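Undergrad: Below is a structure I'd like to ask you about.
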Amino acid sequence: MPLPSSDSSGLPPPASRLSPPAGGSADIALRCENLHRYLGQGEGRVHVLRGVSFEARRGNVTAIVGPSGCGKSTTLYLLGLLDQPDDGSIWIRDQLMSNSSDLDRTAARGEHIGFVFQFHFLMQEFSALDNVMMPMRKLGQLTEEEMAARAASLLSDVGLGDKTHRLATQLSGGEQQRVAIARALANQPAIILADEPTGNLDAKNSGIVFDLLTRLAKENGQAVVLVTHNPDIANRCDEIKPMRDGQFVT
Amino acid sequence: MSTNLRIALRFLTARKRSMLMSLSGIVFGVGFFIVTQAQTSGFEEFFVKTILGTNGAIRIEDKIQATMFPMIATGAHFESKFEVAAAREARKYVEGVEEPDVMMDALRRFRNVSGVSIVVEGSVVADSSFKNDTAKVYGIRLDDHLAVSDLAAQVSRGSGSLENFRTTPQGVLMGQELANRLQLVVGDSLILRAGTEQRRYRLAGIYASGVRDIDRVRIFMHLGEARSLLKKTTGASFIQVALFDRNRAPQDAEQMEQVLKHGAQSWQEREVSWLEAFHALQISAALTVSTIILISGLGMFNTLAMIVIEKTKEIAILRSMGYTRQDIARIFIWLGTIVLVLGTMGGWALGASVTYGVSKYPIHLRGIFSADNFQVHWSIWHYVVGTLSAAVVVMTAAIIPARRAARLEPGDIIRGTSQ
């Protein structure tokens, strides 16, 4: 992916942009510095993130924990380039992405980031196989047969090898979440971002889904950042980042 | 198949009933557009054929005589000229064609002319044993006139035969309406009176042009006989001209007028009021039927707008997977395109089958033409224009929701704050 163009505002670049990513070694998949984000308008405007800095390493699973409304999900959406910060910088594999164009951020999402959401967000009219092939189709690096083979292999990895042709509506909640994990891994992204991936599942399925996510990510050397309320899940991560009032706390 | 098209095809089934309603609207809209255009243009075409078959493509009549001439005054150091020839006041029309045979030769040299016929016309009173009635005699050379009219077909629709007329010097061909009024049948004799002249003729054939104004008054007889009866030993009342390309008649008439110095009137000029009426009817039918397409378009817009609302999460997930705003817009444009393609194809099939069915439907029309079933005109342009109308409406209906879908912010949707 081409490096995004420099800021065209004519203002001097922020200090965070001038400084190279600390520890810019190849094992840092994602890094952000001093992220600020406001939500709402007028009197309802809330300062949700107050200078969040963070980095995620390959093969490492990081849990962001904290009470509802503390800014966990907002941080995740900013890191996933689904939203833009009001201030601060985000680097994806050493490329500054925070203020890049919509097209560049979209391309980066497709190539480097996989998402797992709490409510699965599968395409209901498509089969499990089609859902997993969807990101690959957009990236367009594999042939149709290669995509189908890879999708089938990923579904097999998440234990759904015999349900590849079932529609999303014909799968249970836990199965749908496993399809979502397979889909997040489809393009072999450097980063997996998961927003409450087990939040909608029972304890047994939560364990299965978490184990799958972390095992596959570690095998592939992917950085996993997940937001969770579940202390059991958080305690099984390599790193826990507690958050309160829009800031990480130690 | 492109991924966007694949997604669009699946989204299509999301609101099956509304989609089917929109699709049916497009099918009926395009179909009825084709049928109404086929009918109106069918009747117009038939009318044109009828008038060409009776009065020809061009009629040459009335000599144009210049009454004023360009004047040039010269002097030692100047020259001045007054151009007055083009002015309307500077011409006078002298009734009839003085030297019709010379004129015929000249007319035959026009490349687009396929036939020329001299006609000597005059008013007569026709007497039968039942009653008398006024009529108009048309003196013709049969073979010449057959080349500029559909007289042969008109006689075959009536009774008697052209051969009978050809071999009977005192034979006449009479319109069906007039024959009925005089209660004459083929073989009967009748007396025609013109001024002091009065002669007996035999009815050799009855023709049916379908045009009441013609069938009620026109009597065809041999040219020599007409000259004798009407005491018009030379000249002609008018010359009827047939063309290979009837659409070039106005240009040809203008050229003939300039070259031959006789008034020349094309069929378009002669029948302008009827043609305008047909044209207005055609536009009116198109506008009326287009409202069906328009209403379907509104339904389509509504359906697509609902799909955008229902599919916001899918749009967000697609965006999170790297699908661009353009991809999202294309999915909805594809939705419109699929409905458009299926709708227009269905519309073509419906239009063609109803047009065929209507063309077989029996009706009895007499007056401005004679038809025994609905007249239709098959033209690819009816299908093209119907499709274009549907394309404009459907694509406009698709573009607005598509743009709205493309503007959605994935972060807002997932956070649950999208507008």
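The values are calculated or read from the model by the stated rules, or taken from the named source; none is laboratory data. Source: prediction; values computed, not measured. FYI the Cβ positions are ideal-geometry reconstructions off the backbone, even for glycines, and counts take in every protein chain you see.
Undergrad: Please find, among A:Ser153, A:Ser100, A:Ser68, the residue that is at pLDDT 90 or above, of a type in the set (S, T, N, Q) and over 17 Å from the mean Cα position of the chain (by Cα).
TA: Testing whether each residue is at pLDDT 90 or above, of a type in the set (S, T, N, Q) and over 17 Å from the mean Cα position of the chain (by Cα) leaves just A:Ser153.
Undergrad: Is it true that some residue in region B:204-215 is in the same structural domain as B:Ala106 (by TED's automatic domain parsing), assigned to a helix (DSSP H, G or I) and more than 35 Å from the chain's Cα centre (by Cα)? First the steps, then the outcome.
TA: If we filter region B:204-215 for residues that are in the same structural domain as B:Ala106 (by TED's automatic domain parsing), which is where we start, we get B:204-215.
Those left that are additionally assigned to a helix (DSSP H, G or I): B:212-215.
Narrowing the set further to residues that are more than 35 Å from the chain's Cα centre (by Cα) leaves none.
There is no residue in region B:204-215 that is in the same structural domain as B:Ala106 (by TED's automatic domain parsing), assigned to a helix (DSSP H, G or I) and more than 35 Å from the chain's Cα centre (by Cα).
Undergrad: If you don't mind, there's one more thing I want to ask. Is it the case that region B:182-194 has a residue that's assigned by TED's automatic domain parsing to the domain that holds B:Asp133 and touching a helix residue (DSSP H, G or I) at 6+ places or on another chain (Cβ under 6 Å)? So that I can check it myself, show each step before the final result.
TA: Just the residues of region B:182-194 that are assigned by TED's automatic domain parsing to the domain that holds B:Asp133, to begin with: B:182-194.
Right, trim to touching a helix residue (DSSP H, G or I) at 6+ places or on another chain (Cβ under 6 Å) and you get B:194.
Yes, region B:182-194 has at least one match.
Undergrad: Look through A:Ser100, A:Ser127 and report the one residue that is farther than 21 Å from A:Pro197 by Cβ and more than 13 Å from chain B (Cβ to nearest Cβ). Give the derivation first.
TA: On the way: A:Ser127 fails: more than 13 Å from chain B (Cβ to nearest Cβ).
Every option except A:Ser100 fails the conditions.
Undergrad: Same structure, new question: Which one of the conditions (1) surrounded by fewer than 19 Cβ atoms within 10 Å (Cβ to Cβ); (2) part of a helix (DSSP H, G or I) does A:Ala180 fail to meet, given that it meets all the rest?
TA: (1)
Undergrad: A follow-up question, please. In region B:372-419, what residues are part of a helix (DSSP H, G or I) and closer than 19 Å to B:Gln282 by Cα? Reasoning before the result, please.
TA: Filtering region B:372-419 down to residues part of a helix (DSSP H, G or I) leaves B:380-407, B:410-415.
Within region B:372-419, B:Ile380, B:Trp381, B:His382, B:Tyr383, B:Val384, B:Val385, B:Gly386, B:Thr387, B:Leu388, B:Ser389, B:Ala390 meet the criteria.
Undergrad: So, one more: Out of the residues in region A:103-124 meeting the condition of being out of contact with any strand residue (DSSP E or B) (no Cβ under 6 Å at 6 or more places or on another chain) and small (Gly, Ala, Ser), tell me which one is farthest from the other protein chains (Cβ to nearest Cβ).
TA: Here is the first cut: in region A:103-124, the residues out of contact with any strand residue (DSSP E or B) (no Cβ under 6 Å at 6 or more places or on another chain) are A:103-107, A:109-111, A:119-124.
Imposing the further condition that a residue be small (Gly, Ala, Ser) reduces the set to A:107, A:110.
Working: A:Ala107: 6, A:Gly110: 2 Å.
My answer is A:Ala107.
Undergrad: Looking at this structure, is B:His279 away from chain A (no Cβ under 14 Å) and part of a strand (DSSP E or B)? Lay out the reasoning, then the answer.
TA: Numbers: away from chain A (no Cβ under 14 Å): yes; part of a strand (DSSP E or B): no.
Against the criterion (away from chain A (no Cβ under 14 Å) and part of a strand (DSSP E or B)), B:His279 does not qualify.
Undergrad: When only residues in region B:1-26 that are within 14 Å of chain A (Cβ to nearest Cβ), without any contact (Cβ under 8 Å) to a residue 60 or more places away in the chain and among the charged types (D, E, K, R) count, which is nearest to B:Ile293 (Cα to Cα)?
TA: Taking the candidates together, the pick is B:Lys16.
Undergrad: Just for region B:302-329: of the residues that are of a type in the set (Gly, Ala, Ser), facing chain A (nearest Cβ under 10 Å) and in contact (Cβ under 8 Å) with a residue 24 or more places away in the chain, which one is surrounded by the most Cβ atoms within 10 Å (Cβ to Cβ)? Before the answer, list the steps.
TA: Quick first cut of region B:302-329, residues of a type in the set (Gly, Ala, Ser) only: B:305, B:316, B:320, B:322, B:329.
Next, only the ones that are facing chain A (nearest Cβ under 10 Å) stay: B:316, B:320, B:322.
Filter once more, so that each one left must be in contact (Cβ under 8 Å) with a residue 24 or more places away in the chain: B:316, B:320.
Values: B:Ala316: 24, B:Ser320: 27.
The selected residue is B:Ser320.
Undergrad: Being buried (at least 23 other Cβ atoms within 10 Å of the Cβ), closer than 26 Å to B:Gly411 by Cβ, touching a strand residue (DSSP E or B) at 6+ places or on another chain (Cβ under 6 Å) and of a type in the set (Phe, Trp, Tyr) is the requirement here; does A:Phe210 meet it? Steps first, please.
TA: Details: buried (at least 23 other Cβ atoms within 10 Å of the Cβ): yes; closer than 26 Å to B:Gly411 by Cβ: yes; touching a strand residue (DSSP E or B) at 6+ places or on another chain (Cβ under 6 Å): no; of a type in the set (Phe, Trp, Tyr): yes.
No.
Undergrad: Here's a follow-up. Between a residue in region A:126-147 that is over 18 Å from B:Ala8 (Cα atoms) and any residue that is at pLDDT 90 or above and among the hydrophobic types (A, V, I, L, M, F, W, C), which pairs come within a Cβ distance under 8 Å, given they are 6 or more apart or on different chains?
TA: From region A:126-147, the pairs are A:Leu142/A:Met136; A:Met147/A:Met133; A:Met147/A:Met136.
Undergrad: I'm checking my understanding of the structure. Among residues of region A:183-207 that are free of Cβ contacts under 8 Å to residues at least 40 places away in the same chain and surrounded by fewer than 24 Cβ atoms within 10 Å (Cβ to Cβ), which one is nearest to the other protein chains (Cβ to nearest Cβ)? Spell out the reasoning first.
TA: Here is the first cut: in region A:183-207, the residues free of Cβ contacts under 8 Å to residues at least 40 places away in the same chain are A:188, A:198, A:201-207.
From the residues that got through so far, the ones that are surrounded by fewer than 24 Cβ atoms within 10 Å (Cβ to Cβ) too are A:188, A:201-207.
Details: A:Gln188: 13, A:Leu201: 18, A:Asp202: 23, A:Ala203: 25, A:Lys204: 26, A:Asn205: 21, A:Ser206: 21, A:Gly207: 25 Å.
So the residue we want is A:Gln188.
Undergrad: Please determine whether any residue of region B:341-361 is among the polar types (S, T, N, Q), surrounded by fewer than 21 Cβ atoms within 10 Å (Cβ to Cβ) and in a strand (DSSP E or B).
TA: Going residue by residue through region B:341-361, those that are among the polar types (S, T, N, Q) are B:344, B:353, B:355, B:359.
Narrowing the set further to residues that are surrounded by fewer than 21 Cβ atoms within 10 Å (Cβ to Cβ) leaves B:353, B:359.
Checking the rest, the ones that are also in a strand (DSSP E or B) come to none.
No: zero hits.
Undergrad: Just wondering, is there one or more residues in region B:155-169 that are in a strand (DSSP E or B) and either more than 30 Å from B:Met256 (Cα to Cα) or touching a helix residue (DSSP H, G or I) at 6+ places or on another chain (Cβ under 7 Å) (or both)? Spell out how you get there, then give the answer.
TA: The initial filter retains those residues of region B:155-169 that are in a strand (DSSP E or B), namely B:159-160.
After this cut, where a residue has to be either more than 30 Å from B:Met256 (Cα to Cα) or touching a helix residue (DSSP H, G or I) at 6+ places or on another chain (Cβ under 7 Å) (or both) as well, the list is B:159-160.
Yes.
Undergrad: If I ask for residues that are farther than 30 Å from B:Gly25 by Cα, polar (S, T, N, Q) and over 15 Å from the mean Cα position of the chain (by Cα), which ones from region B:234-288 would you list? Walk me through it before giving the result.
TA: Initially, region B:234-288 is screened for residues farther than 30 Å from B:Gly25 by Cα, giving B:234-276.
Right, trim to polar (S, T, N, Q) and you get B:234, B:237, B:240, B:247, B:251, B:255, B:258, B:265-266, B:268, B:273.
B:Thr234, B:Ser237, B:Gln240, B:Gln251, B:Gln255, B:Gln258, B:Gln265, listed by residue number.
Undergrad: Would you confirm whether any residue within region A:75-87 is among the small types (Gly, Ala, Ser) and away from chain B (no Cβ under 11 Å)?
TA: So in region A:75-87, the residues among the small types (Gly, Ala, Ser) come out as A:80.
Next, only the ones that are away from chain B (no Cβ under 11 Å) stay: none.
Scanning region A:75-87 turns up no residue that is among the small types (Gly, Ala, Ser) and away from chain B (no Cβ under 11 Å).
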